[in-house]
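Visitor: Here it is, the structure, as structure tokens.
The values are calculated or read from the model by the stated rules, or taken from the named source; none is laboratory data. As the structure is a computational prediction, the values presented were derived from the model and not from experiment. Neighbour counts are summed over all protein chains in view; Cβ atoms, including those assigned to glycine, are modelled from backbone coordinates with ideal geometry. Heads up: the accessible areas ignore ligands, DNA and RNA and are worked out on the full protein's heavy atoms, side chains in. Shrake-Rupley method; radii C 1.70, N 1.55, O 1.52, S 1.80 Å.
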Amino acid sequence: MGTLEVKDLSYTYGKGAPYEIKALDSVNLVFEAGRITGLIGHTGSGKSTLVQMLNGLMKPDSGKVLLDGVDIWEKPKEIRNIRFRVGLVMQYPEYQLFDESAEKDIAFGPRNMGMSEDEVKEAVREAARFAGLDESLLKKSPFDLSGGQKRRAALAGVIAMRPEVLVLDEPAAGLDPGARREILGRIKKYQRESGTAVIIVSHSMEDMAMYCDTVAVMDHGRLMMTGTPAEVFSRSQELFAAGLDVPQITKVAASLKKCGVDIGLDVYTVGYALERLLPLGGKGE
Amino acid sequence: MKADIAFGQYCEGNSFLHRLDPRWKIIFTIFYIVTIFLAKNIFAFALLLLSAVLLALSSRIKPSILIRGMKPLLFIIAFTAIINIFWLKGERLLVDFWIIHIYLEGIINALLIVTRVLLLVVGTSVILSYTTTPIALTDGIERLLSPLAKIKLPVHEFSMMMTIALRFIPTLIEETDKIMSAQKARGADFSTGSIIKRAKALVPILVPLFVSAFRRAEELALAMECRCYTGGEGRTRMNVLHSSWRDALMAGLLCVLCAGVIVLNRLGFVYNLSM
């Protein structure tokens with residue numbers, strides 16, 4: 001399964017013009033197979049640019065994107081094959097649906113790959129199952145689906161290509177809490193069953209804490225820090241300075257510490273906080 | 001892609017030309033074009049060239065931007081110049097080689113036509129497109145056409161449509177960009193294959209684009225109604241257009257220029273260099 005690595009990646013918008021912006025400044029990161037990496041950063045920190053580099057939609061000014069150790073731009077004419085191997089779900093992917101039925105739309109990617117009809121059918125069914133799209137919805141026009149269903153159909157459209165690396169830009173943005181949990185849960189389940197490397201861009205620290213194995217923080221085009229959620233969220237002051245946030249429960253832990261109840265600052269989920277708090281309660285304080 | 005599109009060509013600034021009234025600017029542009037077509041000889045063109053240089057200087061727009069704006073016209077300019085040099089017959093033969101006959105008149109004519117095209121481009125773009133925001137422009141057009149409202153032409157609605165269309169061009173370009181990226185991520189291929197295959201490859205872009213354009217139109221209509229928009233009837237404006245001494249000065253200068261061109265045209269007959 002694919003491991004994706006970026007080395008010294010740099011990119012500048014509007015090179016030479018007075019308004020040039022350094023979107024990426026020698027970023028080094030490894031996305032391992034079987035892990036979910038969360039990418040966080042303020043608006044304009046270069047997350048979306050980085051994401052578009054990963055499957056060759058954009059070409060870096062300097063630096064390399066390595067898929068299993070091979071530079072994806074080694075053969076520029078075969079960049080399409082890279083896009084099948086590194087599946088990208090863009091922001092608000094429901095706006096890319098176009099075909100007459102959800103089924104045909106999901107089959108767009110697999111067909112472009114040149115799969116046989118039987119394989120396409122199988123891939124679509126499997127992807128729809130992973131994305132949680134009921135079979136009865138497959139025959140419907142994608143425009144008749146609800147918002148959450150559309151999002152899942154679009155997700156299925158990328159999963160159907162059976163990518164080795166799955167990249168998702170704000171997969172839960174604009175969804176209600178139920179649909180949010182549903183789609184993120186689906187992604188986690190897909191990652192566990194397929195063993196792919198998954199990269200999620202998100203603004204929600206809670207989601208990141210819940211679903212990611214590794215968190216990478218971007219700030220003004222640079223990689224600011226990377227580590228496990230516990231490591232990253234325990235450095236709350238730096239995150240605040242970068243215009244970011246930590247999960248609510250981490251803030252609660254910080255306040256508790258001020259009150260004299262120390263459960264550590266690396267608490268990032270409610271369950272984890274409970275685990276630390278319960279033994280304290282046992283002492284009868 | 002986003003960075004490559006300098007839409008509407010408007011260049012931010014606060015120069016003399018930027019501060020003219022857009023209504024007058026439209027009239028000035030038309031007047032300037034007429035003046036350019038009145039010019040008949042080298043002297044008149046020299047005066048016009050001088051005026052174009054002064055206009056460009058007074059707009060304080062970087063020469064590099066002006067030159068970049070002329071690049072797309074290079075082909076047309078070269079084409080007309082070549083046609084004139086090789087095909088125009090005159091009295092003073094300069095080159096007579098095999099099937100090539102070049103006359104002095106041809107060269108002069110080519111020069112004048114090239115100058116005329118350049119003047120038209122520089123003049124109109126400096127007076128109008130580089131120094132007027134698209135919104136001010138539609139505003140000016142609306143006001144100039146407002147007498148037509150008397151004969152029941154929907155002038156206000158027309159200009160509102162133009163304003164909205166202009167406003168949404170960058171949005172739609174951005175949208176197209178996004179949709180193209182999304183479909184490319186699913187392996188869409190727009191650049192290879194037969195014409196029919198390429199046309200078919202556009203469907204996955206055009207369908208979502210139309211859907212989103214309609215959605216945007218509906219949302220915009222709703223937002224406008226929420227703010228009680230009912231059309232042009234009795235509507236006042238936030239930026240009331242004012243004519244000032246600048247417009248009067250510019251009008252005066254252009255009249256002098258036009259008179260100068262006419263006088264110099266006569267002078268041309270004396271030297272027998274007319275076209």
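Visitor: Please work out how much accessible surface A:Thr226 shows to a 1.4 Å probe, ignoring ligands, DNA and RNA, in Å² rounded to 10.
Guide: Roughly 70 Å² of A:Thr226 is accessible to a 1.4 Å probe.
Visitor: Counting only heavy atoms of the protein chains, get the accessible area per residue of the range A:155-285 (1.4 Å probe) and round it to a whole Å² value. Show your work: numbers first, answer last.
Guide: Working: 5940 Å² over 131 residues.
Using a 1.4 Å probe on heavy atoms only, each residue of the range A:155-285 averages 45 Å².
Visitor: What quantity of accessible surface, computed with a 1.4 Å probe and excluding non-protein components, is buried in total between chains B and A, in Å² to the nearest 100?
Guide: For B against A, buried area totals roughly 1700 Å².
Visitor: Moving to a separate point now. So which residue, out of A:Pro142, A:Pro110, A:Pro76, gets the largest mean-square fluctuation from a GNM of chain A using Cα contacts under 10 Å as springs?
Guide: Between A:Pro142, A:Pro110, A:Pro76, it is A:Pro76 that shows the largest mean-square fluctuation.
Visitor: Another question, then. Work out the length of the dipole vector of the protein assembly as shown about its Cα centre, built from +1 on the beta-carbon of each Lys and Arg and -1 on the beta-carbon of each Asp and Glu, and round it to the nearest 20 debye. Each step should come with its number before you reach the end.
Guide: On the way: 65 positive and 58 negative charges, 320 e Å.
Dipole about the Cα centre, nearest 20: 1540 debye.
Visitor: Just for the Cα atoms in the range A:1-82, what are the lengths along the principal axes, largest first, rounded to whole Å?
Guide: 43, 31, 19
Visitor: Would you look at the GNM of chain A, springs on alpha carbons closer than 10 Å, and say which of A:Asp169, A:Asp219, A:Asp71 moves the most?
Guide: A:Asp71
Visitor: In addition: Using a 1.4 Å probe and ignoring any ligands, DNA or RNA, find the accessible area of B:Val256 and quote it in Å² to the nearest 10.
Guide: It works out to around 100 Å².
Visitor: Across peptide A:90-96, how many C-beta atoms of other chains are within 10 Å of each residue C-beta, on average?
Guide: On the way: counts 7, 2, 3, 4, 1, 9, 14.
Mean partner shielding for this stretch: 6.
Visitor: Who wins for biggest fluctuation among B:Phe37, B:Phe45, B:Phe28 in a Gaussian network model of chain B, springs between alpha carbons below 10 Å?
Guide: B:Phe37
Visitor: Additional query: What is the Rg over Rh value, at two decimals, for the range B:1-148, using alpha-carbon atoms and the Kirkwood definition of Rh? Walk me through the intermediate numbers first.
Guide: Working: Rg = 18.6 Å, Rh = 17.3 Å.
Result: Rg/Rh = 1.07.
Visitor: Taking all protein chains in place and a 1.4 Å probe, what share, in percent, of the accessible surface of the protein assembly as shown do carbon and sulfur account for?
Guide: Here it works out to 62 percent.
Visitor: If all Cα-Cα distances of the range A:4-233 are sorted into 5 Å bins from 0 onward, what percent lands in each bin, rounded to whole numbers?
Guide: 1, 7, 15, 18, 19, 16, 12, 7, 3, 1, 0
Visitor: Moving to a separate point now. Hey, what angle do you get for helix A:117-131 against the long axis of chain A, alpha-carbon based, 0 to 90 degrees rounded to 10?
Guide: With both axes taken from Cα atoms, the answer is about 20 degrees.
Visitor: How fast does the range A:219-279 diffuse by Stokes-Einstein, in µm²/s, taking the Kirkwood radius from C-alpha pairs at 37 °C and 0.692 mPa s? Provide the component values of the computation, followed by the final result.
Guide: Values: Rh = 12.1 Å.
This corresponds to a translational diffusion coefficient of 271 µm²/s.
Visitor: Rank-order B:160-167, B:234-241 by packing density, defined as the average count of other C-beta atoms within 10 Å over each peptide's residues, highest first.
Guide: Packing proxy ranking, top to bottom: B:160-167, B:234-241.
Visitor: Can you find, among B:Ser146, B:Ile82, B:Met160, the residue farthest towards the positive end of the dipole of the range B:66-180? Put +1 on the C-beta of Lys and Arg, -1 on that of Asp and Glu.
Guide: Going by the charge dipole, the pick is B:Ser146.
Visitor: Under the rule a/c < 1.5 gives rounded, and otherwise a/b versus b/c splits prolate from oblate, where does chain B land using the Cα gyration tensor? If you can, show how the numbers build up before the last one.
Guide: Details: a/c = 2.69, a/b = 1.35, b/c = 1.99.
Oblate shape, in that a/c is at least 1.5 and b/c is the bigger or equal ratio.
Visitor: Counting only other chains, and only Cβ atoms inside 10 Å, what mean value do you get across the residues of A:97-104?
Guide: Working: counts 5, 12, 3, 1, 0, 0, 0, 0.
Mean partner shielding for this stretch: 3.
Visitor: Taking all pairs of distinct Cα atoms, average 1/r, flip it, and tell me the Kirkwood hydrodynamic radius of the range A:1-141 in Å to one decimal place.
Guide: On the way: mean 1/r = 0.0582 Å⁻¹.
Evaluated on the range A:1-141, it is 17.2 Å.
Visitor: Here's another thing I want to ask about it. Averaged per residue, what accessible area in Å² does chain B show with a 1.4 Å probe, protein chains only?
Guide: Details: 17070 Å² over 275 residues.
Per residue, chain B has 62 Å² of solvent-accessible surface.
Visitor: Next question, about the same structure. Once the Cα gyration tensor of the range A:136-285 is found, what semi-axes does its equivalent ellipsoid get, as square roots of 5 times the eigenvalues, in whole Å, sorted largest first? Intermediate values should be presented prior to the final figure.
Guide: Numbers: eigenvalues 232, 67, 40 Å².
Listed largest to smallest, the semi-axes of the range A:136-285 are 34, 18, 14 Å.
Visitor: Using only the heavy atoms of the protein chains and a 1.4 Å probe, how would A:Cys212, B:Cys228 rank by accessible area, largest first? Don't jump to the answer; show the numbers that get you there.
Guide: Values: A:Cys212 15, B:Cys228 105 Å².
Ranking A:Cys212, B:Cys228 by accessible area, largest first, yields B:Cys228, A:Cys212.
Visitor: Here is a follow-up. Tell me, what is the percent relative contact order of the range A:4-233, built from C-alpha pairs under 8 Å that lie six or more residues apart? Walk me through the numbers on the way to the answer.
Guide: Details: 456 pairs, mean separation 67.5, N = 230.
Reported as a whole number, the value is 29 percent.
Visitor: To two decimal places, what compactness ratio does the protein assembly as shown give when its Cα radius of gyration is scaled by 2.2 N^0.38 Å? Before the final figure, lay out the partial values.
Guide: Working: Rg = 31.7 Å, N = 560, 2.2 N^0.38 = 24.4 Å.
It is 1.30.
Visitor: According to a simple spin-label model (label point 7 Å from Cα along Cα-to-Cβ), what is the distance in nm between B:Ile113 and B:Ser64?
Guide: It is 3.4 nm.
Visitor: From the cross-link list A:Lys59/B:Lys178; A:Lys64/B:Lys71; A:Lys121/A:Lys189, which pairs have alpha carbons spaced over 24 Å apart?
Guide: Where the Cα-Cα span goes over 24 Å, the pairs concerned are A:Lys64/B:Lys71.
Visitor: Any idea what % of Cα-Cα pairs in the range B:155-226 are farther than 15 Å?
Guide: Working: 1644 of 2556 pairs.
That fraction is 64 percent.
Visitor: Nearest 10 degrees is fine. How inclined is helix B:134-145 to the longest principal axis of chain B, computing both from alpha carbons?
Guide: 80
Visitor: Going by the alpha-carbon gyration tensor, a ≥ b ≥ c the square roots of its eigenvalues, is the range B:157-275 rounded (a/c under 1.5) or, if a/c is not under 1.5, prolate (a/b greater than b/c) versus oblate?
Guide: Values: a/c = 4.44, a/b = 1.55, b/c = 2.87.
It is oblate, given that a/c is not under 1.5 and a/b is not larger than b/c.
Visitor: If you put +1 on each Lys and Arg Cβ and -1 on each Asp and Glu Cβ, how big is the dipole of the range B:155-226 around its Cα centre, in Debye rounded to 20? Mind showing how you got there, number by number?
Guide: Working: 9 positive and 8 negative charges, 103 e Å.
Computed charge dipole of the range B:155-226: roughly 500 debye.
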